[in-house]
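Chemist: Quick one: the structure is below, and I'll ask about it shortly.
The values are calculated or read from the model by the stated rules, or taken from the named source; none is laboratory data. Worth saying up front: this structure is predicted, and the values here are computed from it rather than measured. Please note: Cβ atoms are built from the backbone with ideal geometry, for glycine as well, and neighbour counts cover all protein chains shown.
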Ligand code: BEZ
């Protein structure tokens, strides 16, 4: 998963991502279980990052293609996993000659504000009846962190807005349906997530993922801002030496029906 579509992840350190934030792909195992990949299926992993889950899906015997627009992440995925095909591509505009039985995505879609373009790519990539299985941040995801950053930044005269797309079930189901993807399952749930590296966990998280959130704050002022954010969050989000991020996940399964908005079964 990457923040690549907004240009951030092309500067990400893929070693730091794998080393300090491995919970991202560890939790993704549950989404692979929901996908139920079968031998011989052709599966697209959208926003594959360093390829761990693409490789995991490929162990089923499926033929997997992973895409990500971070060149560095794709290079690392290719080096580590020889089996899946990895392509440096933008989910908003990618197109394939051969369709897929399923499109999978874990912790990537919330980086892309142009969600209609993504869902158009997803629908175009699928065979009729093909499935879309995805998890992304849902409504309210990391709200406490964003609010703390917003308040501290405002005290310093800076206006911060969330760069991420965290939809409700209703919003996302409607969007999928308008692209001919019929919702079969949707769940929005809290998943408080322990950040790695003890007392440094929140600062590391902001360092890795918060570049666009912190964009209005000059680099030299960020350490002080992060200290103040930690002070605001410590009471509710720091337990026994570990920071806990207020993650909320939106998990969906949809099937390509061949119909898009304006059409109905009777037409
Ligand atoms: C997430 O996986 O929910 C997430 C990761 C980084 C920034 C924002 C959200």
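Chemist: Could you check how many residues of segment 243-260 are more than 16 Å from the ligand (Cβ to nearest atom) and either in contact with a strand residue (DSSP E or B) (Cβ under 6 Å, 6 or more places away or on another chain) or part of a strand (DSSP E or B) (or both)?
Modeler: 6
Chemist: Any residue at all in segment 147-159 that's under 21 Å from the mean Cα position of the chain (by Cα), within 16 Å of the ligand (Cβ to nearest atom) and either assigned to a loop (DSSP other than H, G, I, E, B) or surrounded by fewer than 17 Cβ atoms within 10 Å (Cβ to Cβ) (or both)?
Modeler: Checking segment 147-159: at least one residue is under 21 Å from the mean Cα position of the chain (by Cα), within 16 Å of the ligand (Cβ to nearest atom) and either assigned to a loop (DSSP other than H, G, I, E, B) or surrounded by fewer than 17 Cβ atoms within 10 Å (Cβ to Cβ) (or both).
Chemist: Consider segment 97-108. How many of its residues are outside any loop (DSSP other than H, G, I, E, B) and within 16 Å of the ligand (Cβ to nearest atom)? Before you say what the answer is, go through the steps one by one.
Modeler: From segment 97-108, those outside any loop (DSSP other than H, G, I, E, B) are 100-106; that's our starting set.
Okay, now just the ones that are also within 16 Å of the ligand (Cβ to nearest atom), so 104-106.
Final tally of qualifying residues: 3.
Chemist: Filter segment 208-230 down to the residues that are outside any helix (DSSP H, G or I) and free of Cβ contacts under 8 Å to residues at least 60 places away in the same chain and list them by number. First the steps, then the outcome.
Modeler: Restricting attention to segment 208-230, the residues satisfying the condition of being outside any helix (DSSP H, G or I) are 210-218.
Matches in segment 208-230: 215, 218.
Yes/no matrix, rows are residues, columns are (1) surrounded by 19 or more Cβ atoms within 10 Å (Cβ to Cβ); (2) within 16 Å of the ligand (Cβ to nearest atom); (3) at pLDDT 95 or above:
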position	(1), (2), (3)
187	no, yes, yes
192	no, yes, yes
198	no, no, yes
203	yes, yes, yes
215	no, yes, yes
219	no, no, yes
229	yes, yes, yes
233	yes, yes, yes
241	no, no, yes
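Chemist: Test residue 181 against the stated conditions and say whether it is over 20 Å from residue 130 (Cα atoms) and either within 16 Å of the ligand (Cβ to nearest atom) or touching a residue at least 40 places away in the same chain (Cβ under 8 Å) (or both). Before you say what the answer is, go through the steps one by one.
Modeler: On the way: over 20 Å from residue 130 (Cα atoms): no; either within 16 Å of the ligand (Cβ to nearest atom) or touching a residue at least 40 places away in the same chain (Cβ under 8 Å) (or both): yes.
No: the conditions fail for residue 181.
Chemist: Looking at this structure, is residue 177 touching a strand residue (DSSP E or B) at 6+ places or on another chain (Cβ under 9 Å), surrounded by 12 or more Cβ atoms within 10 Å (Cβ to Cβ) and assigned to a helix (DSSP H, G or I)? Full working, then the answer.
Modeler: Numbers: touching a strand residue (DSSP E or B) at 6+ places or on another chain (Cβ under 9 Å): yes; surrounded by 12 or more Cβ atoms within 10 Å (Cβ to Cβ): yes; assigned to a helix (DSSP H, G or I): yes.
Yes, satisfied.
Chemist: Moving to a separate point now. Of (1) in contact with a helix residue (DSSP H, G or I) (Cβ under 7 Å, 6 or more places away or on another chain); (2) modelled with pLDDT of 95 or more, residue 16 satisfies all except one. Which?
Modeler: Evaluating residue 16 over (1) in contact with a helix residue (DSSP H, G or I) (Cβ under 7 Å, 6 or more places away or on another chain); (2) modelled with pLDDT of 95 or more leaves (2) as the failure.
Chemist: Limited to segment 135-145, what total is found for residues that are away from the ligand (no atom under 12 Å from the Cβ) and within 12 Å of residue 31 (Cβ to Cβ)? Working first, answer last.
Modeler: Within segment 135-145, the first condition is being away from the ligand (no atom under 12 Å from the Cβ), and the residues that meet it are 144.
Then keep just the ones that are within 12 Å of residue 31 (Cβ to Cβ); that gives none.
Residues that pass the stated criteria total 0.
Residues are listed down the side, and each one gets a yes or a no for (1) assigned to a strand (DSSP E or B); (2) surrounded by 19 or more Cβ atoms within 10 Å (Cβ to Cβ); (3) at pLDDT 95 or above; (4) touching a helix residue (DSSP H, G or I) at 6+ places or on another chain (Cβ under 6 Å):
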residue: 32; (1), (2), (3), (4): no, yes, yes, yes
residue: 44; (1), (2), (3), (4): yes, yes, yes, yes
residue: 65; (1), (2), (3), (4): yes, yes, yes, no
residue: 72; (1), (2), (3), (4): no, yes, yes, yes
residue: 95; (1), (2), (3), (4): no, no, yes, no
residue: 110; (1), (2), (3), (4): no, yes, yes, no
residue: 121; (1), (2), (3), (4): no, yes, yes, no
residue: 130; (1), (2), (3), (4): yes, yes, yes, no
